[in-house]
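Okay, structure first, notes after.
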Amino acid sequence: MTTNKPQKGKLLIAEPAIIGDVSFNRSVVLLANHNEEGSVGFILNKPLTFTLNELIPEIKGDAMQIYNGGPVEQDNLYFLHKVPDLIPESIEISNGIYWGGDFDTVVDLITSNKISTDEIRFFLGYSGWDCNQLDSELDANAWIVTDNTYDKEIINKCFPELWKEKMLELGGEYLLWSNAPENPSNN
């Protein structure tokens, strides 16, 4: 379901017209916060080429993929998860999906194999918009706002094909874009 109003917990889907924007071309962003001061979100479908263990060698356990969360503060690590009972200080985004919490606890959970890749995702950087910036981008038709119909299972939807899946779900004029090359000039 599409809506014009961004809200915490909604998805922002990049319009096909966003071509050449390295960060947001074909992106699906989960809004973690949206208020009068601005918006914060994480790109869900842009995996990076390294794992958490490579970034922080002290962390032992399953190799967990790192994602590009957005162009802001790319030297900081963030995480989304669905296990607030295991991670203190978590902030609920909506419908069982949480942002952040005590990182030392997360390290212990990973090392002791008490948390899996189905329960947590890591991001370098985030996507951020100033007070009216996101509204301006919406007015310029840069984004489509939709409900997160996956609820907490959105964590399991972090894969590059998510944008294409959302184009197919939107249907209509977006069906054509679902199979178009990332850069139409290469067609």
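What accessible area per residue, rounded to a whole number of Å², is obtained for the range 37-187 using a probe radius of 1.4 Å?
50
Could you tell me which GluC sites (Glu not before Pro) in the range 116-167 are loop residues by DSSP with no more than 12 other beta carbons within 10 angstrom of their beta carbon?
Answer by residue number: GLU161.
Counting pairwise Cα distances across the range 1-134, what percent come out greater than 19 angstrom?
Across the range 1-134, Cα pairs with separations above 19 Å total 51 percent.
Give me the compactness ratio for the range 48-127, meaning the Cα radius of gyration over 2.2 N^0.38 Å.
In units of the 2.2 N^0.38 Å rule of thumb, it is 1.02.
Quick check: at a probe of 1.4 Å, how many percent of the accessible area of the chain sits on carbon and sulfur atoms?
Here carbon and sulfur together make up 47 percent of the probe-accessible area.
Given only helices, namely DSSP H runs of n ≥ 4 each adding -39500 (n - 2.57), what is the per-residue ellipticity at 222 nm of the chain, to the nearest 500 deg cm²/dmol?
Per the formula, -4500 deg cm²/dmol.
Output the pairs from LYS10/LYS152; LYS46/LYS157; LYS10/LYS114 with a Cα-Cα distance over 18 Å in this structure; if there are none, say none.
LYS10/LYS114, as the Cα separations exceed 18 Å there.
For the range 115-187, go through all pairs of different Cα atoms, get the mean of 1/r, take its inverse, and jot down that Kirkwood value in Å.
It works out to 15.0 Å.
Can you give the local net charge around GLU36? Use residues other than it whose beta-carbon is closer than 15 angstrom to its beta-carbon, Lys and Arg +1, Asp and Glu -1.
With Lys, Arg at +1 and Asp, Glu at -1, the net is -1.
Give me the net charge for the shell around LEU52: Cβ to Cβ below 12 angstrom, other residues only, Lys and Arg +1, Asp and Glu -1.
Residues close to LEU52 contribute a combined charge of -1.
Anyone know which of VAL28, VAL107, VAL145 comes out most mobile in the 10 Å Cα GNM of the chain?
VAL107
The values are calculated or read from the model by the stated rules, or taken from the named source; none is laboratory data. Worth saying up front: this structure is predicted, and the values here are computed from it rather than measured. No Cβ is skipped: glycine too gets one built from the backbone with ideal geometry, and neighbour counts run over all protein chains shown. Areas reflect the complete protein model, heavy atoms only, side chains present, ligands, DNA and RNA absent. Shrake-Rupley method; radii C 1.70, N 1.55, O 1.52, S 1.80 Å.
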